[in-house]
1. How far, in degrees from 0 to 90, does helix 141-156 lean away from the longest principal axis of the Cα atoms of the chain, to the nearest 10?
2. With angles folded into 0 to 90 degrees, how steeply does helix 191-201 sit against the dominant principal axis of the chain? Use alpha carbons for both and round to 10.
3. Packing-wise, with mean Cβ within 10 Å as the measure, how do 97-109, 142-154 rank, highest first?
4. For segment 69-188, which semi-axes, largest first and in whole Å, follow from the square roots of 5 times the eigenvalues of its Cα gyration tensor?
5. Order of 30-36, 74-80 by packing, highest average Cβ count within 10 Å first?
6. Please list log₁₀ I(q)/I(0) at q = 0.13, 0.15 Å⁻¹ for segment 129-198, using the Debye equation with identical point scatterers on the alpha-carbon positions.
7. Against the 2.2 N^0.38 Å scaling, with N counting residues, where does segment 10-81 land? I'd like the Cα-based Rg ratio to two decimal places.
8. In a Debye calculation with equal point scatterers on the alpha-carbon sites of the chain and no solvent, what is log10 I(q)/I(0) at q = 0.07, 0.12, 0.13, 0.16 Å⁻¹?
């Protein structure tokens, strides 16, 4: 019940942040249905501001995967970041509205996101961007999906991704719930939310240790990653520690 509430009700309550990080004019996003093995996936495509540094006939393209514990489908929650990249960098931004639990289970969303990346790489001439100059980003669950995209690309023989930005990414979904502790009385990312996420999107416990689900366990793949910018929280709301009830360092 909590999973369905988060997926449908909480999603409708999320609004774009009331903040602007660019002074340049960025137009409204174009909605494109991108074909994937699971059917069309809605993507919001923002074009760069004309005066942005990298704007031109074939600008680079950035693919963003929003967060939300694999449950909350709200790509517009990253709209301020999308407009920042389009306005201040001059890249086209593809903001992916991937399918979410509990309607789908692992690896459905991971495969959708990878298929979107492949479409981005192959559609440069048609869409007016440089399909060989791609970066990706994701926060929390979106960071997990971004790493999952890179792992799938590695298995497929490579990808056009030049760099990735990960904001507090979820890197190990196999950690037992009793290893999640926090010095915050009521953290947003709580053991209860982690349990809901695990049961809704990763119901098969064995699959949680798949490197596609838990990138931290993919030691052999780490050396093949592109340039990464990983942003972590100074005071994590819930951290998986090595031992149950072990205090976490900030």
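Bear in mind these aren't lab numbers, they're just calculated from the coordinates by the rules spelled out. Model, not experiment: these values are computed from the prediction. A quick note on method: Cβ atoms are made from the backbone with ideal geometry, for glycine too, and the neighbour counts reach across all protein chains shown.
1. Around 70 degrees separate the two axes.
2. For 191-201 against the chain, the angle is about 60 degrees.
3. Values: 97-109: 21.0, 142-154: 24.7.
Highest mean packing first, the order is 142-154, 97-109.
4. Details: eigenvalues 148, 62, 36 Å².
Taking √(5λ) for each eigenvalue gives 27, 18, 13 Å, largest first.
5. Values: 30-36: 14.3, 74-80: 20.3.
Highest mean packing first, the order is 74-80, 30-36.
6. Here log10 of I(q) over I(0) equals -0.49, -0.61.
7. Details: Rg = 14.0 Å, N = 72, 2.2 N^0.38 = 11.2 Å.
Relative to the 2.2 N^0.38 Å estimate, segment 10-81 comes out at 1.25.
8. -0.23, -0.68, -0.80, -1.21
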